[in-house]
Each structure stands twice: as structure tokens, then as C-alpha cells.
Amino acid sequence: MESLLDKIKLPQTLRSLTGKQLDQVAAEVRQKIIEVIAKNGGHLAPSLGAIELAVALHTTFDTPQDKIIWDVGHQAYAHKILTGRLEQFSSIRTLGGISGFPKPEESPFDSFAVGHASTSISAGLGMVKARDLKGEKYFVVAVIGDGSLSGGLAFEGVNNVDGLKTNFIVILNDNEMSISKNVGAMSNYLTSVATSDVYQELRNRIEKLVKRIPRVGVSLFAAAKKFKDRTKHIVVDFKVNVLFEELGFKYFGPIDGHNIPLIMSTLQHAKEVEGPVIIHVLTKKGKGYPPAEKEPSRFHGTGPFEIISGKPLNGNGRSYTSVFGDTIVKIAEKDPRIVGITAAMIDGTGLEDFAKKFPGRFFDVGIAEEHAVEFAAGLASSGMKPVVAIYSTFLQRAYDQIVQDVCLQNLPVIFCLDRAGIVGEDGPTHHGLFDMAYLRSIPNMIVMAPKDENEFVAMMNTAVQHNGPIAVRYPRGAGPEISPDSDPELIKVGKGESAFHSKLPAPNSKLCIFAIGSMVYPSIEAAKLLENEGIAATVFNARFVKPLDKKAIVHLAKEVDRIVTVEEGVLEGGFGSAVAELLIDEEITLPIQRIGLPDKFIEQGKRQELLGIYGLTADGIYTKIAKGKRVING
């Protein structure tokens, strides 16, 4: 069959295609996504599930004048292909390529920048209000997944829809699954619609009725999904319909989210209704690619893979995530107070084994980071030791709960911040660059970062023994492959260590590199390169962003001619700032050079590529120090 995608102007031509041609477009988009993500990696399963929805939206609405907001945005790959980025799509998530998420600077069709969940309803409501205040005429459509609907921000948005008298369309993309299995009352409520006895009975009765029709019954039965959609609507009239109409919406659905004509007709009807409308579409995550349909969690965010089998193409050693998973299980076996908590990221945070072995002590709260931290505070106040495993970038969402409800009460909550630092291809919404800065300013909080896997295990054991809030941050992927000790020693809170000392004689130029976490080993290699240049460098593994090892830092500062700090985080308010503040307070004046990430949002690209660009490799650290860029402290 001749390709349509390569011949038509997107998305304008979509509006003149037949239903059969639109199905062909969807099939070609699906194949394109599979081919590119197999090479680049990315959010495959969610995007495959939203292809027909994207086709229907761009066929029904006059985009970009009409605004579509994709909640989270990881399901928007088809949207990107359909909006003039077909030729660029092969560059998705690569350095200099198009983003894996909607990005207004990239295209006028991307009406709002997204990357975190549960934002589309509130943002869409803001757009609707702006449209009405300016007297403009266009449609606003907010697409939100059933997993994102568990987030508190989504409910805050819904709560403010009531009383809206103008058009606002919300599409609930219900695939019965977020990254991990959905949890909570709303998820259970939606699932019960499709599985209710009443619905099943109605469906069976209609199928039997259709089959009895003389001559055409069997052929009509092949199209029974349309009847099933209608029976679902009947059931919803007295169930979900009541819920959403009480919240201020007119409700349509649930409908088959892979039936383009049905979605289009429902969207057209919604355009003609005055006031807020919610359309409930049922989709299948990973639709059209069997491995992703079978394992949607694994293909939610995947690395490169073999298309035929779905097997991953590469493995880069044992990750910090897997070390965490093994360690927390061993700790929990000895300490019944340990409770594991995550926010819809069981596999991503390495808690799957913990969940299996200790089901009564494991809690996946869904996409609800604020609740995760508040819940942990309640557990800690009642004698438990909650371990909250959340990606660094997502913990930002619970900042107030960390300050007010954990640290103010000095509760023993352990925060495990996976994906701290540069994450890679997911780009600025997912880099974990701010945690050292936003955590170290909070009273009672301890902040640690390990140089390798062995030190990570030791820090986890230290965290369990500490009687107050404590956080350990660690990067994505594998560490230096240092096998953890079978019985790791505890690390004294606030105690660093000497990691490298030059053997050059005393008269040589002397400096001390204070490094934290993932930057310790690159700093050691940089010090060896400096030694070849006749520069004697000591490397100090700080271990703690807070509290700093004041005694050791002050002593070393008095012994050298200059100081360098190295961190995989933002310089503003980060580790280097903490060291500089300490030296100011101690009235120690000497040249200080801070190496870290600049005051900007860091682009997407492979982790090692980005570390190289920003000088956070051994060669980069060496080069920056050798250039002698200095800032005089005091």
C-alpha cells in the first residue's frame, strides 16, 4: 500500500481524508514510532495507545488555533508526527533533536510545555479564561490519563471548573494503567464501569440479539465493538455520569479510543455543547505492538530495543536503582519498622522486590507525591521508618510537605532520590538538578550523595539509624561498579573522606578539589591529569551536602592555594555555594572555583554527552581547573 504520511500536508490534509485513509495514517504513524523509539528509546507504550486519539483530534479541530494540552506529554509522539515534524521525528530525544515532550518553542501546535503529570486541566482552564477575557474564539482540549487523574492538582483543576459557562473539553484517556498499576478510589471507580455485572449483561444481550438478525447477523457481529461502546454509555448514565456531572461536566462515554470515526463524532458533539465536557475514552497502552501490550510498564519508558522480540539492546552494568532495591529488602528483613513508599514508580525506583516480599509494608500511592510525603510523615510520627523513593525531579512537587510536615517536626523519613543530576534524553523536565539546593536550606534535613555503590549501601544503613529527616541522592544508570561490602560500615553523619592526595613535593602549586557524589571519581582522574602538569591536587569526598565536614574543609582550605568544588547539580545554592558560605563564615580568603551546571534549563541528550558539554567529566574538570578560572572569596 502506498504511503500517505509522506504525501500529505499535516495536519491540514487529515480533514479531507476518508475514514479508511485515517486508519492508514494511524497505522503508518504507529510503525514510525516503533521504528524510531526502537533506536532512540523513549515513551513507547503510552504514545502507541494515543495514536487514534491524536488523529481524531487533529482531524476534528483547527489546530494550532484550537489548543490541545497533553498531560505529562509522553503520549504525544503521534501528535508531533501529525503536526509537521515527521522528518524530524527520527531525532526525538537526541542532542539537538526534537523533544520527547510538547514544547512551545519547538512548534505552535505545542500549546503548553509539559513533562510532569496532572497539569492539563488547570492549564487548560487558564487558557479558557484568557480566551474569554480577550473575546477570542477557539476550542481548548485538555487530555489527561487515568493515572494523572490521581494527582491532587488534577482535582484542584476539576474543582474550579464548576460554574464555567463556556466551552472546555477534557478527554480522559483511560488505559487502566499509568507507569505502575493505578491505585486509589478514582481508578477503582473507572475500572468498575467496564467490569460491572450490569454492563456485561447488556453487552451479552446485544451480541445475542445481533447474531439473530437473518442473513446479516454474523457480519454485523464483527462490528460489535460499536454496540459495546453504546452499552457502556448506558451503564455510565447512572454511574460515572453522575460523578462528573456533579463536578460540573457534561459526560460522554466511555468510547473506544481506537475507533477514529467514533472519537471524531463524539468530539464534534462536544464542540456543539455549551459549558465543560468530559469525554471518557478507553485505550490500550502499547496498542499495535505485542511486546508493549504484554509488558506496558517496561515499555512505558524504554531504552533501545529489538523490534521483533522487544528485547533491550544494551545493558550498562548494575544500576544504582537495582542496588537500592536489593539494599532496602535486606534492611527491611532486619527492621520491621521499614515501610516502602513510591508514587506510581514501583519498577522505576527498584521497589518491585520489596513490594513482593513485604506487601503489607509497601504503598504505591499513585501520581501523588505530596500525599506520599505527607503519608510518610504520618507513618514516621507513629514509630515507623518510611523510605520514600521518588525521582529527584518529581520530589520537587512535595516541597511544602518536606518543609512543614517532615522537617519542622524532625521526623525520621528517608528520602531516596533516584535520577539525581543529569538524566539524559527526557530533558529539562526530568533532570534532577535542584535537589541539593532545595533540600540543604531546610532545617533538620541531612543530604548525602554516594561516590559509588558501596558507599550508597553504607549511606542507606546510616539513614536507617538516623533519627530525623535524611535524603540520599544518586544518579541514573550504573555507578563505577564497586561491589558493596557484605557488611558495610556506617558513615558518621557529616563526615567526609580524603579520596586522593598527590605525591608531588610540597613546593608545587597546591589545590583541593571538594567533590560530591557522582563527581568524586571524575575529580580523582582530573587530579591525576593535573599531577602530570606539576599541579599537586587533593580530592576530598564530601559525602554530605549538609552538614558539611566543617573541620576537614577548614583544615584543608588552610593548607592549599586554591579550592575547587565539583557537583552534578545547579551552582546557585548548591554544594559549591555551601562550601563557599562555610569559608566566608570562617573568614578564610582564597581563590574558589565552582564547577557544576549553569543557571539554565539543561537540554536533552545522552547523559555522557551532556556531562561532556558542561565539563563534568575528568577531562572537563581538568580543563576548567587548568585554565585557572578563579573567583576570589571574601
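The values are calculated or read from the model by the stated rules, or taken from the named source; none is laboratory data. All of these numbers come straight from a predicted model, not from anything done at the bench. Cβ sites come from the backbone with ideal geometry, for glycine too, and all protein chains shown count toward neighbours.
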Q: Find all pairs meeting these conditions: Cβ atoms under 7 angstrom apart; at least six residues apart or on different chains; first residue within the range 83-105 and free of Cβ contacts under 8 Å to residues at least 40 places away in the same chain and in a loop (DSSP other than H, G, I, E, B); second residue surrounded by 17 or more Cβ atoms within 10 Å (Cβ to Cβ) and aliphatic (A, V, I, L, M).
A: ARG85/ILE98; GLN88/ILE98; ILE98/ILE92; PRO102/ALA76; PRO102/ALA113; PRO102/VAL114; LYS103/ALA113; PRO104/ALA113
Q: For the range 272-383, please list each of the helices (runs of 4 or more DSSP H) lying entirely inside it that holds at least 2 residues being within 30 Å of VAL161 (Cα to Cα) and not basic (Lys, Arg).
A: 369-381
Q.
Could you check the range 31-65 and list, in sequence order, the residues that are more than 21 Å from PHE109 (Cα to Cα) and out of contact with any helix residue (DSSP H, G or I) (no Cβ under 9 Å at 6 or more places or on another chain)?
A. GLN31, GLY41
Q) Which condition breaks for VAL143 when tested against (1) at pLDDT 95 or above; (2) in a loop (DSSP other than H, G, I, E, B); (3) within 19 Å of the chain's Cα centre (by Cα)? A) (2)
Q: Test ALA478 against the criterion of being within 28 Å of the chain's Cα centre (by Cα) and surrounded by fewer than 21 Cβ atoms within 10 Å (Cβ to Cβ), and give yes or no.
A: yes
Q: Run down VAL114, VAL25, VAL72 and say which single residue is more than 30 Å from HIS371 (Cβ to Cβ) and either touching a helix residue (DSSP H, G or I) at 6+ places or on another chain (Cβ under 9 Å) or in the same structural domain as GLN604 (by TED's automatic domain parsing) (or both).
A: VAL25
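With respect to LYS39, is the statement that it is farther than 21 Å from VAL281 by Cβ and not polar (S, T, N, Q) true? Before you say what the answer is, go through the steps one by one.
Values: farther than 21 Å from VAL281 by Cβ: yes; not polar (S, T, N, Q): yes.
Spelling it out, LYS39 is indeed farther than 21 Å from VAL281 by Cβ and not polar (S, T, N, Q).
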Q) In the range 251-263, is there at least one residue being farther than 23 Å from LEU14 by Cβ and in the same structural domain as ASN175 (by TED's automatic domain parsing)? A) yes
(Q) If I ask for residues that are surrounded by fewer than 23 Cβ atoms within 10 Å (Cβ to Cβ), without any contact (Cβ under 8 Å) to a residue 40 or more places away in the chain and touching a strand residue (DSSP E or B) at 6+ places or on another chain (Cβ under 7 Å), which ones from the range 359-397 would you list? (A) ARG361, PHE362, PHE363, PHE375
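In the list LEU53, LEU4, which residue meets the criterion of being closer than 28 Å to PHE139 by Cα and either in a strand (DSSP E or B) or more than 25 Å from the chain's Cα centre (by Cα) (or both)?
Working: LEU53 fails: either in a strand (DSSP E or B) or more than 25 Å from the chain's Cα centre (by Cα) (or both).
Answer to the selection: LEU4.
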Q: Please go through the range 467-504 and pick out each residue that is over 30 Å from HIS430 (Cβ atoms), modelled with pLDDT under 95, of a type outside the set (Gly, Ala, Ser) and touching an Asp or Glu at 6+ places or on another chain (Cβ under 7 Å).
A: LEU504
